[in-house]
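Report on the following structure.
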Amino acid sequence: MVAFRARRTRTIKGRSFDARSRTRTSSALHERSGVMPGSARVLLLAALQLIAPMPLVAESPPVIEVAKFSSGTVGRSIPDGWTPLTFKKVPKHTRYELVRDGEYVVVKAMSDASASGLTKEVKIDPKEYPIIHWRWRVENILRRSDVSQKSGDDYPARIYITFEYDSEKTTFSKRFRYKAGRALFGDIPIAALNYIWETKTAVGTIVGNAYTDFAQMIVVESGAGRIGMWVDEERNIYEDYRNAFGEDPPMINGVAIMTDTDDTGEQATAYYGDIVFRKSAMAGSR
């Protein structure tokens with residue numbers, strides 16, 4: 001949100017008259033006609049402007065552009081504002097590159113028995129901006145992908161949404177498990193939604209991640225029916241979080257994209273377009 005300082009209203013002085021007779025004549029005419037003199041009207045207007053309430057902060061925009069890949073530089077491996085997302089136990093990383101696809105610049109991901117992502121820190125209130133919209137394309141699905149198994153926890157494309165840790169709103173048991181998880185795996189989110197392109201699981205399925213219940217998987221595409229096609233996606237994060245975790249979401253603190261095949265040992269290529277958050281859903285969106 002960008003705040004703007006309100007500009008102070010300038011006071012305007014009325015013009016004075018040199019000739020007394022002209023001033024008296026003018027005043028007399030206005031007294032008879034019941035009309036306020038021009039200089040007085042100006043002063044009154046200025047006074048009203050000074051006491052009138054004025055907005056001090058600009059209204060928040062209807063859209064937040066989290067990933068403007070389309071304005072990136074072709075050939076770069078990391079878009080502006082993004083950083084690599086890697087994992088201690090996965091030595092082989094997915095390759096990312098900004099490429100031109102038709103008239104747009106997008107991120108191309110190439111995974112060969114590898115896993116890593118690109119992430120961006122954000123601070124977004126899901127109550128104010130509940131809608132996420134993105135577009136992606138995959139060149140293949142994974143034969144051994146299985147959302148219910150650790151050995152199948154790979155996807156040609158996925159979007160991560162991570163949330164802030166608020167100790168005051170977290171149960172004791174969850175705080176304990178969270179601290180234990182950080183001791184084992186390092187900096188992990190207290191909660192995450194994973195929007196995934198799966199192989200056989202039905203679209204709309206919500207299931208806990210095979211490795212940790214801090215992450216919930218939501219299947220938004222499944223199967224090979226849309227391979228090679230650009231697909232626009234739109235989800236209500238606020239509602240998805242409530243359905244997945246049974247409570248209201250805290251602040252969103254991160255967004256990531258990832259193509260990974262380290263568990264299945266397969267290969268995958270995917271493309272990611274711009275990602276935006278909206279206050280309301282677009283007309284005609286599914």
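Just so it is clear, none of the values below were taken in a lab; they were calculated from the coordinates. Remember, predicted model here, so these are calculated numbers, not experimental data. Virtual Cβ from ideal backbone geometry, glycine too; neighbours counted across all protein chains shown.
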- Item | Span per principal axis, largest first, for the Cα atoms of region 222-277 (Å) | 37, 26, 21
- Item | Segment GLU164-GLU65, length gained on full extension (0.36 nm per residue, minus Cα span) | 33.7 nm
- Ranking of ILE78, ILE131 by count of other Cβ atoms within 10 Å, fewest first: ILE78, ILE131
- Query: Fully extended, how many nm does the chain gain between LYS127 and THR73 (0.36 nm per residue separation, minus their Cα-Cα distance)?
  - Reply: 16.1 nm
- Item | Kirkwood-Stokes translational diffusion coefficient of region 63-278, alpha-carbon pairs, 20 °C, 1.002 mPa s, µm²/s | 123 µm²/s
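Considering only Cα-Cα distances, which of the following residue pairs are longer than 18 Å: LYS123/LYS279; LYS89/LYS123; LYS127/LYS279; LYS68/LYS120; LYS68/LYS108?
Pairs exceeding 18 Å: LYS89/LYS123.
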